[in-house]
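The values are calculated or read from the model by the stated rules, or taken from the named source; none is laboratory data. The shown structure was predicted, so the numbers you read here are calculated from the model rather than taken from an experiment. Don't worry about glycine lacking a Cβ; one is built from the backbone with ideal geometry, like all the others, and counts go over all protein chains shown. To get the accessible areas, we keep the full protein, side chains included, count just its heavy atoms, and leave off ligands, DNA and RNA. Shrake-Rupley method; radii C 1.70, N 1.55, O 1.52, S 1.80 Å.
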Amino acid sequence: MSALSDQLVTYAILAYLVAMISHAVEYALGTARAVPAKAATPARELVGAGVGGAGGTVEAPAVPAETRPSRSAGRAVMAGKIATWVTALAVALHLGALVSRGVAAERMPWGNMYEFVLTVTWIGAAAWLAVRWKRPSLRRLGLFLTLVMVLLLAFAELKLYVQVTPLMPALQSYWFIIHVSTIVFSSGIFLLGVVPAASYLMRAGWEQGRRSFPYTLARRLPAAAGLERLTFTLHAFAFPIFTFAVIAGAIWAEAAWGRAWGWDPKETWAFISWVVYAGYLHARATPSVKRNVATWIAILGFLTMLMNLFGVNFFFTGLHSYAGVN
């Protein structure tokens, strides 16, 4: 089962890559305009002579030319459909990798950094499919989401991979499921939330007339207002779950180590992330704070999450040193 999990991860990365390419094709061709169909020659109508009138011909009013979708627009639609279905396939393969990994280890697949990244990225991708189904107008964000999936999964496969091992004695508790499940779920939503956050900043700049890089990447994205609302919705949903996860971790620490909080590096950075995300929600609810300023705080919050996930495990040691990498 462990070998099957490894193979499914590889297939999932390839599927996300194909989905990303398909999204890129849709993104490149998505603004193709309808082209006018070949207009018919205006009909000429013979007008008979009337009393006191001269006979002759006059042109009948021209019928508005019909339009038909351009070939590029049709290809963009097809590429978008392919991207969506391949993303769904990638999510299914991704889930299969997690399940088979858990079966091989005879535990929930959250025992080390590699498994944690696999789970967080799957939650982010699965949540994206839900957003894509609920709000089809946001489909072009799929390009950036699949890019993030490819990068994180490839990094996990190349740098974080470890063989299946039993759960460490310190983690063998029912609090393991309660604490870690809420951490990975909220982290996955935060991962998804950073995509519309960064997209909003680029799109807002484009709508304000900025035409330099990276704002040019956003010219085909949905309106900035919709991206900002999605950013807030995702963070407002994830923050209470993340808060519960931190509290559950403190309760578990009290039972396991005899203290609820000891300023361990991972505890410290979890607290920093909590403060930053709370600051984002407060700024978002304050009318005097500009939306782009609040969104930058949300992105800063995700950077602190990355520091807690990667930086703490690579550069610090503490009671939470369960990453499984050197």
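Once the piece of chain linking Arg220 and Lys290 is laid out straight, how much longer is it, given 0.36 nm per residue of separation minus the C-alpha distance between them?
Full extension of this stretch gives 22.9 nm more.
The protection proxy used here, the mean number of other Cβ atoms lying within 10 Å of each residue, ranks peptides 218-226, 161-169 as follows, highest first: 218-226, 161-169. Scalar couplings 3J(HN,Hα) for segment 141-149, obtained by applying the Karplus form with A = 6.51, B = -1.76, C = 1.60 to θ = phi - 60°, are 5, x, 4, 6, 5, 5, 4, 4, 4 Hz; x denotes Gly and Pro.
Across segment 224-293, C-alpha contacts under 8 Å between residues 6 or more apart give a mean separation that, scaled by the residue count, equals a relative contact order of 34 percent. Per residue, the accessible area of segment 160-312 comes to 46 Å² when a 1.4 Å probe rolls over the protein heavy atoms.
At R0 = 56 Å, how high is the FRET efficiency between Ile177 and Ser72 if r is their beta carbon distance? Nearest 0.05 is fine.
So the FRET efficiency works out to roughly 0.65.
In sequence order, segment 83-95 has phi-based couplings of 4, 5, 5, 5, 4, 4, 4, 4, 5, 5, 5, 4, 5 Hz under the Karplus curve 6.51 cos²θ - 1.76 cosθ + 1.60, θ = phi - 60°, and Gly or Pro positions carry x.
The slack in the chain from Ala256 to Leu4, taken as 0.36 nm per residue of separation less the alpha-carbon distance, amounts to 87.3 nm.
Segment 88-164 and segment 253-291 have Cα centres lying 25 Å from one another. Considering only alpha-carbon pairs that sit under 8 angstrom and 6 or more positions apart, the relative contact order computed for segment 71-175 is 31 percent.
Using C-alpha pairs below 8 Å separated by at least 6 residues, the relative contact order for segment 195-326 is 23 percent. Model label sites at Phe271 and Trp133, defined 7 Å from Cα along the beta-carbon direction, differ in position by 4.1 nm.
With θ taken as phi - 60° and the Karplus curve 6.51 cos²θ - 1.76 cosθ + 1.60 applied, the whole-hertz 3J(HN,Hα) list for segment 197-211 is 5, 5, 5, 4, 4, 5, 5, 4, x, 5, 5, 8, x, 7, 10 Hz, x standing for glycine and proline.
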